[in-house]
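Visitor: Next up is a structure, given as structure tokens.
The values are calculated or read from the model by the stated rules, or taken from the named source; none is laboratory data. What you are looking at is a predicted structure, and each value in this text was computed from that prediction instead of being measured. When we count neighbours, we look across all protein chains shown, and the Cβ atoms used for this are built from the backbone with ideal geometry, even at glycine.
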């Protein structure tokens, strides 16, 4: 086995409660390499509007199944790490509240010690558009049983930017402050974006908030590099985290040269590389992990 240099490192991973999700996969792979993992999570209330015909189908992949997973605690993920001999714990908080950022670091550090690796994976999502309500009456969901689009408002804007952008910026700043105070020399920040972050119809606030995340990441890489902190971005394509029905998968792979949708482990593998000693001279980069999806997809 190649030594990635992560033994004993302390990682904070946000958004890790969905056992089928990216955050869970990241947490598990870091733990498998000897890192100690503190998992943040937040149980969404299930307020994403979607097709009523699919609302009750929570036993097979689709948006209702996905929301069922999002409503769980992180206990299942933590327990799976511990069963494999790793160390992990979790705490729930809403990252839209700026006061929770230092609280989250306090909780993690009081449990396992100073944070070496920060993975900003948590995200919020609702489908919004610039089209006015009068033109949305006959609009179909973005996919089978999927989210119904609503006109962009201050609420849809703030919902996305509060978690996907502002919380990321504040977490980076909090990480850097504590890093400097303890005179550390080694740190990793990995932020999770999304392909098509430059803009996508029907998801205008979500994609824009992810583009802001990428900008913050590049600035952080430039400003924090001399301290010994690398900052990189992983940008996933379509990843099966429980929200895709078989019909969605079939439709998506037409635009993916590698002929399958992504798995959470695909993203986790990229994250653990950026966290490892093998990426010590890589910073400020956006790595697209999408099976070629971005090459064929456009707005």
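Visitor: Taking the range 220-248 as the region of interest, how many residues are closer than 17 Å to residue 293 by Cβ and surrounded by 21 or more Cβ atoms within 10 Å (Cβ to Cβ)?
Guide: 11
Visitor: Going through the range 170-197 one residue at a time, which ones are free of Cβ contacts under 8 Å to residues at least 40 places away in the same chain and more than 14 Å from residue 116 (Cβ to Cβ)?
Guide: Answer for the range 170-197, where residues must be free of Cβ contacts under 8 Å to residues at least 40 places away in the same chain and more than 14 Å from residue 116 (Cβ to Cβ): 173, 177, 181, 197.
Visitor: Turning to a different aspect of this structure: In this structure, is residue 112 under 28 Å from residue 175 (Cβ atoms), touching a residue at least 40 places away in the same chain (Cβ under 8 Å), buried (at least 16 other Cβ atoms within 10 Å of the Cβ) and out of contact with any helix residue (DSSP H, G or I) (no Cβ under 8 Å at 6 or more places or on another chain)?
Guide: Spelling it out, residue 112 is indeed under 28 Å from residue 175 (Cβ atoms), touching a residue at least 40 places away in the same chain (Cβ under 8 Å), buried (at least 16 other Cβ atoms within 10 Å of the Cβ) and out of contact with any helix residue (DSSP H, G or I) (no Cβ under 8 Å at 6 or more places or on another chain).
Visitor: Another question, if that's okay. Collect the residues in the range 264-297 that are closer than 22 Å to residue 2 by Cα and modelled with pLDDT under 95, keeping them in residue-number order.
Guide: Selection gives nothing.
Visitor: So, residue 217, is that one part of a strand (DSSP E or B) and surrounded by 15 or more Cβ atoms within 10 Å (Cβ to Cβ) or not? Walk me through it before giving the result.
Guide: Details: part of a strand (DSSP E or B): no; surrounded by 15 or more Cβ atoms within 10 Å (Cβ to Cβ): yes.
Judged against the criteria, residue 217 is not a match.
Visitor: Where residues in the range 122-152 are out of contact with any helix residue (DSSP H, G or I) (no Cβ under 9 Å at 6 or more places or on another chain), in a loop (DSSP other than H, G, I, E, B) and modelled with pLDDT of 90 or more, which of them is surrounded by the most Cβ atoms within 10 Å (Cβ to Cβ)?
Guide: So the residue we want is 131.
Visitor: Let me ask something else about it. What residue, among those in the range 47-106 that are touching a strand residue (DSSP E or B) at 6+ places or on another chain (Cβ under 6 Å) and modelled with pLDDT under 95, is nearest to residue 178 (Cα to Cα)?
Guide: 48
Visitor: Also: Considering only residues that are farther than 13 Å from residue 87 by Cβ and surrounded by fewer than 22 Cβ atoms within 10 Å (Cβ to Cβ), which ones fall in the range 5-28?
Guide: Those that are farther than 13 Å from residue 87 by Cβ and surrounded by fewer than 22 Cβ atoms within 10 Å (Cβ to Cβ): 5, 19, 20.
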